[in-house]
Every structure is written in C-alpha cells, then in structure tokens.
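A.B. asks: One structure, as structure tokens, below. Some questions next.
The values are calculated or read from the model by the stated rules, or taken from the named source; none is laboratory data. If you're wondering where the values come from, they're calculated on a predicted model, not measured in any experiment. Every residue, glycine as well, gets a Cβ built from its backbone with ideal geometry; the counts of neighbours run over all protein chains shown. For the accessible areas, the whole protein counts, side chains as well, though only heavy atoms, and no ligand, DNA or RNA atoms are used. Shrake-Rupley method; radii C 1.70, N 1.55, O 1.52, S 1.80 Å.
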Amino acid sequence: MKEQAAHLLSHFPDIFTSLGILLGGLALGLVVKYVVFRVLRAFARREDSTLARSVERHLSQASAVFFPVLAVSLLLPLVPLPPKPFEVLRRLVEFVLILTFAWGLIKTLDVLQDLVQRRYPLGSDDNLRVRKLFTQLQFLKKLAMSLIAFVAVGLVLMSFETVRRLGTGLLTSAGIASVIVGFAAQRSISNLLAGFQIAFTQPIRIDDVLVVEGEWGRVEEITFTYVVLSIWDERRLVLPLNYFIEKPFQNWTRTSARLTGAVHLQTDYTVPVEAVRVELRRILESHPLWDKRVAVLHVTDAKERTLELRALVSAADAGSVWELRCAVREQLVTFLQRNYPGCLPHTRVLLAGTGSTTV
C-alpha cells in the first residue's frame, strides 16, 4: 500500500505538468481562433467581403473547438505521462480532432453555398437557370455532408481493434448482407435513386410552382428522401421523392415562370361584348402586373340564363397572374354595375295571359 502511494506521489509533478501543457494548448488555440476571426471581421467590414462574412458566420463555432484541439495535438509529445495514460489521451484528442475537422468541412459547404447564392441570386426575375443550378447543388451538398459524416465516424470507429476485426468480417459477408439490406430498404433506395434523377433531369426545381394533390405551392426543399412544398397559406406539404417520378403533377414554371390566367364572368344576353372588351384593354394597360402578352375576351358559353365571358390575361409569374386576375374580375364587375346594370345576370318570368315579361 505504501509502495502504491509512493508511486502515485512520484507521478504528481508529471500530472501537473501534463495539465499545464493541455490547458496551455487550449488557451493557445482559443487565442489563435480569436485573432483569425477578428482579422476576418475587420476585413469583411473594410472590403465588404461575402467570403469573409460567410466564413465568420458558419465556421466560428467549429473553429472554437478545432483550433484548441489542434494546438493540444501539436503539444501532445511534450506531455510527460506513462505509456498507457498517454495512449488514452492521444486517442481522445485524435477522435475530437477528426470530428471537429469533419464539422468544419460540413460548415465549409455552407460557405460555398453562400458564395454561389451571391453570384447567382435566386430572387431575380428570370431565375430559371439559377433554380436548375440550386436544385443540383442542394442535392450534392446533402450527399457531400453525408459522405463527410460517414468517413469521420468510420475513421473514429476503425481506430479500435475490435471494430476493425468486425469490419473485416462484415466485408467477408458483404454479398449476403447487401442482398438482405436491398430487400429491407427498397423504398429508401428507390427514393435515393429518385433523388439523383430529380437532381439531374429536373422535373422539379427549387422555387418551382407546383399543383400537387390539389394544392398550390412552391418547392421549398429537396432532400434525399422527400420534397417540401410551401403552400400559399403557409402550410407545408411533404411528399416522397418517388412521388414525382411515378405520379402526374402540374409544374407551372417548368420552362418559364410566365403564365396566362382566365377570368370568367356570367352576364345577361344583353351585355355589349365589345364595350367589355375595350374596358378589359383599358384595365390591363393601366395595371403594372400585366406583361403585355395576352389580352383577349371571348364569349365561351351560352347557357340557359347567362352568357359566359372569358378574359385571358398574362403576367410574369404565378403570383402576379393571380393578383392580376383578381383585379380584372373586380374592375370588370364594377364596370358592368356602373354602366350596364341591366346586363348583370337576372331571371325573366313570362306571365301567362298577359304576354308581358317580368324581370
């Protein structure tokens, strides 16, 4: 017992020295991180640099862990510990360094996305090519994130001898395992393949306007397994990727965002069609949302009691054509109420024996 106590006391100076080296490494790493990001912040303010601002925003947290751990790993040979405790410490530092480096790589993908968004803004009027690019980049980014995380976890696990032996055994039986996994994960694999197909053939893209399952919305997100549609009333519709490969849907912005919309009016047979046509042209020429492509009025149906008028109007995108249709409908109804109130729909009754007609 006395020998063990004496042995422990003899190692106290080494333990305090080791703690001092480790704490010094952590402090050195934090100082380096602070200096680097202080310089980046100053550079971003002076040069209006998107890259510097993005690096500061996305990599600050990961760097606050990576730089201290990197400094500790560089100072690790100076730690005067016995072989077994030193090996445990070395493994721990190595694991944290691998994981934080992978974290930094994943955040670097966000920096690259910011640079692409700055170069190709998604909010421009004619953003068809940009939406194609972002659909592909979003899928590739998620794939790269998954690969980075998989490799990082694999490197950590394969450093253990037991896991390495297990991995060798799994590789030996990979043929059987692949068949079993293939049957068990058919839906997941089909969704993954559908994701590749959507990313590169692009039946849908980010910010496309779709009508799916009777709902109107914009494509907000495309993941490995599902698509999120932002519905006009702020709900979210989530659909599996293979839905867009197997089932029909409407894409209003497949080749262009421009759309033509219809406005239907039910009127009396006495309505002056040409006067309504002139009024439609006047309304459109004074409206900022009309893109000057389509402005026509037709009589599309003659029903038992009413005459159906259809006005076709065009605008730059789905939201604009909706607003334009509502404005045209409202102003045409106001025009008829003010100038031709007798041409609004009403019912006529023929009184028997008098030969007169009552409205």
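A.B. asks: How much area per residue is accessible in region 193-282 when the probe is 1.4 Å and only protein heavy atoms are counted (Å²)?
C.D. replies: 50
A.B. asks: May I ask you to list the aspartates and glutamates whose Cα is less than 15 Å away from that of K84, ignoring any residue fewer than eight positions away on the same chain?
C.D. replies: D14
A.B. asks: Got a number for the accessible area of H287? Probe 1.4 Å, square angstrom, nearest 10.
C.D. replies: Roll a 1.4 Å probe over it and H287 shows about 40 Å².
A.B. asks: Suppose each label sits 7 Å from its Cα in the direction of the beta carbon; what would the M158-H264 distance come out to in nanometres?
C.D. replies: The two pseudo-label positions are separated by 6.4 nm.
A.B. asks: Let me ask something additional. What trypsin sites (Lys or Arg not before Pro) does region 195-265 have in DSSP loop regions with at most 10 other beta carbons within 10 Å?
C.D. replies: R235
A.B. asks: If you don't mind, another one. In µm²/s, what is D for region 204-354 at 25 °C and 0.890 mPa s, where D = kT/(6 pi eta Rh) by Stokes-Einstein and Rh is the Kirkwood radius from Cα pairs?
C.D. replies: 137
A.B. asks: Give me the percent of accessible area attributable to carbon and sulfur for region 15-58, probe 1.4 angstrom.
C.D. replies: Result for region 15-58: 71 percent of the exposed heavy-atom area is carbon or sulfur.
A.B. asks: Which FRET efficiency, nearest 0.05, do V228 and Y340 yield, Cβ-Cβ r, R0 35 Å?
C.D. replies: 0.15
A.B. asks: Let's test the formula: R0 of 35 Å, r as the Cβ-Cβ distance of K247 and V273. What FRET efficiency results, to the nearest 0.05?
C.D. replies: Efficiency, rounded to the nearest 0.05: 0.25.
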